[in-house]
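Down below is the structure, laid out as structure tokens.
The values are calculated or read from the model by the stated rules, or taken from the named source; none is laboratory data. Note that the coordinates shown come from a computational prediction; the quantities given were computed from them, not determined experimentally. Reconstructed Cβ throughout: ideal geometry from the backbone, glycine too, with neighbour counts over all protein chains shown.
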Amino acid sequence: MAERLLIDGNEAIARGAIYGDCKYFFGYPITPQNEIPEFMSRELPKIGGVYVQSESEAASVYMVYVGALAGARVMTSTSSPGFSLMQEGISYIAEAEVPAVIVNVMRMGPGIGTGGQHGQTDYRQVTKGGGHGAYHCIVLAPYSSQECFDYMQLAFHLADKYRVLVLVLTDFIIGRMAEVVELRKLGFEPLPEKDWALKGKAFKGGRRRCYVSAAFSYGGVPPRYYQHMAEVYQKIRDTEVRYETYRDEDAVLLLLAYGSSARMAKRAADMARAEGCRVGLFRPVTLWPFPEDALCQAARRVGKVLVVEDSPGELVEDVKFAVQGKVPVHLLGIWGRYTPQGDIMTGGSGIIYPEKILQEIRGLI
Amino acid sequence: MVRKRYDVIITGIGGMGVLLTGEMIVRSAPAQYKNVLWIPNYTTAQRGAPCDCIVILSDEEIYSPLVDQADAVVVMAASQLKAFEGRVKPGGFILLETYGLEDKWEREDVKVIPMSAIETAAKGGDRLGANMVALGMYVGISKAIAPEHIEKTIEEKFGRKRKVLHHNLELFREGLKMGTAEKVI
Amino acid sequence: MTEETVTREKLWGRPKLRVPIPFSFFCPGCHYGIIVRLICEVLEELGVEGRAIGLAGVGCSFGPFPVSIDIDFTSCPHGRAPAMATAIKRIYPENVVFTVQGDGDLGAIGLGCFMNALIRGEKLTTIFLNNACYGTTGGQMAPTTLMGMKTTTTPEGRDPRTTGFPLHAAELVATMRGVAYSARCTVHSPANFRRARKALKTAFHKQIDGIGYGFVEFLSACPINWRLSPPDCIKFISEKMIAEYPLGEFKNVDVIELPEEWR
């Protein structure tokens, strides 16, 4: 019987990583994900792992990059400003085709934002590639502590399976929300040895690995890298799309949300149903590969879509693209926030409450 | 009246144990509820800045961690009244610390229960224990959770410091007595 | 030696440049409030408030310092203040440009920008706030954390075998050729406050007189993250912090020596 613990999303991420056989963490403090490096600094030494607090996020990502090149399961975690600093390193990780996991506990941007409050304003950066070079990362968006724990294990498996970077995207609300988590070790299919890793010739039967760049590896012809990656990305698109639907079979309005907004949207769907409005929810779990086909089918069946995101409008672009103009797409974005107490000192700058989503639903039905 | 779901917002000033109070409730709850959730609201780690947390206890799945209006609000610092008066559902209650209270509440559709947690704790020798008194009062009034579960959680948290544990349990029980004496709903 | 009339105003009144704000940004027992006051007094004394431009790094100084001091001020991305200060000073050499930075901003993520500003020998002034941890984010280890000191990422105490030794910024700065002044002080007692004021004035003078970089490091209390009461913090500074980080001037020159052909 697996242990059950009351933990927040950040701790669930850290524990999930350890259950995913990750023993190496290189990071730097930044609100609102400090619980992750703090947990790792306590627990990794106990299991023979390594915690290094680097001098900056830029340094962390290069430590992750070389750890991946060395064939170890490595990770870092950060928040939006730190994630921006990591873009060059991420581009290099993509070029080298090495597996790693980076957690971005999103916060409001741009710039310093509100210093650590919630927001979902990194969607485009995370899914479209904030670094140079037309690469893709797999992006997982958990929406509960249990999913944080489970998806970290999935992340390390997918990273190793496809030799890509996997990004796990949460936010302040998911990171600091505490729920009961079942600490279960997930099983995955076995994967081949990493014979391409840098370990020292003696550990690989005398074979050596020389890595300079992708162009170098692909015989001096960069397009071959892209051709190869196109095949990899297509395999991922065919196999790894994940999403959840909730009460959408007979719905007349389909809510579209991920992460913390999906929590609020689910509640709003229940509240609407209680009033007799047939509302359902489509929740993408992989933001890349985006569940275009499934979304298009569901949206066309339902006939009307309301995107709910704590952003001026990023997810909505992907949704509009997926439905190809066949279905009206509405947006309840960041302007849907309000602070019930009207006091910015305590509430940050408001939240999109289920009550507001319900109000919007009523207006659309 | 046994309800399937309770939610409560606890608010005060950083350093008072606002988050701890919420933690005590949520850690005790799995013994009684299928689903529990706790979420704090603060940014920089600072004493003196307002902070609050939300606790939700339910037999049904909990989707939204954020509630516009809760069944109850525990105001541990009187300065927070104005900001949180509107956060209670009609028919709910506000546990209001009276120490330093200057504002008057306006709503007539909620019950406002005065609480002198700071004074009670001060009499016991340390104002910091006020959060235990507030915890006891909340549990006594709402009956959201059986007191023995809370006491078990307090023991687990403070078990290693016998004097602190004893003191906290005493304050909790005092608050519980005061809360149980209140007739609400 | 000039005489100063100590009036009630001067001793207890608000410095002219101190913006009146009805609450404190800082935790009870934090020394930032004293240091803000000190900066206001010194800028006013030097008569440079009209041409001063401040740059605050990320940390507890990020919002509070710009808001509290009535001069042109900007906050900067983490660690980049010295680079940004360089640019402003080169564009407006007549201005008095200074940075205010914490342990991470100057000693970790910003060390590259900071060292390069020193290498270039910019005519800037830097105020370094050393509380031996990362305060704003909840008390993680900083480059300045003392050996054996417990933080949220060194729960067993900082082990030099895995995390290295405390960074001595003032001494490091003193080794750089383009630096005219480097000192370390505190504000934990009136005598130290007076010495700090003298140091800060000197540091600004190196810029005003066009000599070179001026640097002042403050050892500052952090009751929340040290988990000490404010009086115990003062003890911690006078016993533990000063033992690791000695106070005093590490460099003070009136001329940056140039080779013959560049004079």
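Here are the numbers:
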item: Single match in A:Ala262, A:Ala269, A:Ala251 (criterion: of a type in the set (A, V, I, L, M) and either surrounded by fewer than 24 Cβ atoms within 10 Å (Cβ to Cβ) or in a loop (DSSP other than H, G, I, E, B) (or both)); result: A:Ala251
item: Test set (1) closer than 23 Å to C:Ala108 by Cα; (2) out of contact with any Asp or Glu (no Cβ under 8 Å at 6 or more places or on another chain) - A:Leu85 fails condition number; result: (2)
item: Candidate set: the range C:64-91, residues that are among the polar types (S, T, N, Q) and in a helix (DSSP H, G or I); chosen: the one surrounded by the most Cβ atoms within 10 Å (Cβ to Cβ); result: C:Ser68
item: Only listed residue being under 28 Å from C:Glu122 (Cβ atoms) and in contact with a Leu (Cβ under 6 Å, 6 or more places away or on another chain), chosen from C:Arg184, C:Arg177, C:Arg195; result: C:Arg184
item: Condition met for B:Met24 (assigned to a loop (DSSP other than H, G, I, E, B) and under 12 Å from the mean Cα position of the chain (by Cα)); result: no
item: Matching residues, the range A:237-251, being within 11 Å of A:Leu281 (Cα to Cα) and either away from chain B (no Cβ under 14 Å) or touching a residue at least 60 places away in the same chain (Cβ under 8 Å) (or both); result: A:Tyr243, A:Thr245, A:Asp248, A:Glu249, A:Ala251
item: Any hit, the range A:201-214, residues being without any contact (Cβ under 8 Å) to a residue 24 or more places away in the chain and either crowded, with 20+ Cβ neighbours inside 10 Å or closer than 24 Å to A:Val305 by Cβ (or both); result: no
item: Filter result for C:Glu94 (outside any loop (DSSP other than H, G, I, E, B) and of a type outside the set (Phe, Trp, Tyr)); result: no
item: Output for the range A:88-133, where each listed residue is closer than 19 Å to A:Gln227 by Cα and of a type in the set (Ser, Thr, Tyr); result: A:Ser91, A:Tyr92
item: Which listed residue, of A:Gly175, A:Gly200, A:Gly219, A:Gly206, is closer than 29 Å to A:Asn104 by Cβ and small (Gly, Ala, Ser); result: A:Gly175
item: Where B:Met24 falls short, out of the listed (1) touching a strand residue (DSSP E or B) at 6+ places or on another chain (Cβ under 9 Å); (2) farther than 20 Å from A:Gly9 by Cβ; (3) at pLDDT 95 or above; result: (1)
item: Flag if A:Glu182 is in a strand (DSSP E or B) and surrounded by fewer than 19 Cβ atoms within 10 Å (Cβ to Cβ); result: yes
item: Residue check, C:Gly33 part of a loop (DSSP other than H, G, I, E, B) and either surrounded by fewer than 19 Cβ atoms within 10 Å (Cβ to Cβ) or within 14 Å of chain B (Cβ to nearest Cβ) (or both); result: no
item: Helices (runs of 4 or more DSSP H) lying entirely in the range C:160-237 (those with 3 or more residues that are among the small types (Gly, Ala, Ser)); result: C:169-174, C:190-208
item: Residue check, C:Arg18 under 21 Å from C:Phe218 (Cα atoms) and surrounded by fewer than 21 Cβ atoms within 10 Å (Cβ to Cβ); result: yes
item: Test: residue in the range B:96-111 that is assigned to a helix (DSSP H, G or I) and either within 14 Å of the chain's Cα centre (by Cα) or crowded, with 24+ Cβ neighbours inside 10 Å (or both); result: no
item: Condition met for B:Tyr63 (out of contact with any Gly (no Cβ under 8 Å at 6 or more places or on another chain), more than 10 Å from every other protein chain (Cβ to nearest Cβ), not in a strand (DSSP E or B) and not small (Gly, Ala, Ser)); result: no
item: Set B:Gly136, B:Gly100, B:Gly92, B:Gly129: member being touching a His at 6+ places or on another chain (Cβ under 7 Å) and either within 14 Å of chain A (Cβ to nearest Cβ) or not hydroxyl-bearing (Ser, Thr, Tyr) (or both); result: B:Gly129
item: Test result for C:Pro160, surrounded by fewer than 22 Cβ atoms within 10 Å (Cβ to Cβ) and touching a Phe, Trp or Tyr at 6+ places or on another chain (Cβ under 9 Å); result: no
item: Scope the range A:220-259; condition at pLDDT 95 or above and among the polar types (S, T, N, Q); matching residues; result: A:Gln234, A:Thr239, A:Thr245
item: All positions within the range A:22-35 that are closer than 21 Å to A:Gly71 by Cα and within 19 Å of the chain's Cα centre (by Cα); result: A:Cys22, A:Phe25, A:Phe26, A:Gly27
item: Count of the range A:36-80 residues which are within 9 Å of chain C (Cβ to nearest Cβ), among the charged types (D, E, K, R) and within 21 Å of the chain's Cα centre (by Cα); result: 2
item: Count of residues meeting criterion [part of a strand (DSSP E or B) and either of a type in the set (Lys, Arg) or over 17 Å from A:Met264 (Cα atoms) (or both)] in the range A:278-299; result: 4
item: Enumeration of residues in the range A:170-192 that are closer than 13 Å to A:His118 by Cβ and not β-branched (Val, Ile, Thr); result: A:Asp171, A:Phe172, A:Gly175, A:Arg176, A:Met177
item: Single residue of B:Val73, B:Val164 found to be free of Cβ contacts under 8 Å to residues at least 12 places away in the same chain and in contact with a Phe, Trp or Tyr (Cβ under 6 Å, 6 or more places away or on another chain); result: B:Val164
item: Residues being of a type in the set (Gly, Ala, Ser) and at the interface with chain C (Cβ under 8 Å from one of its Cβ atoms) - total across the range A:21-35; result: 0
item: Test: residue in the range A:163-178 that is buried (at least 18 other Cβ atoms within 10 Å of the Cβ), touching an Asp or Glu at 6+ places or on another chain (Cβ under 7 Å) and in a helix (DSSP H, G or I); result: yes
item: Hits in the range C:36-80 (condition: aromatic (Phe, Trp, Tyr) and more than 9 Å from every other protein chain (Cβ to nearest Cβ)); result: C:Phe65, C:Phe73
item: Count of residues meeting criterion [of a type outside the set (Phe, Trp, Tyr) and within 14 Å of chain B (Cβ to nearest Cβ)] in the range C:187-241; result: 10
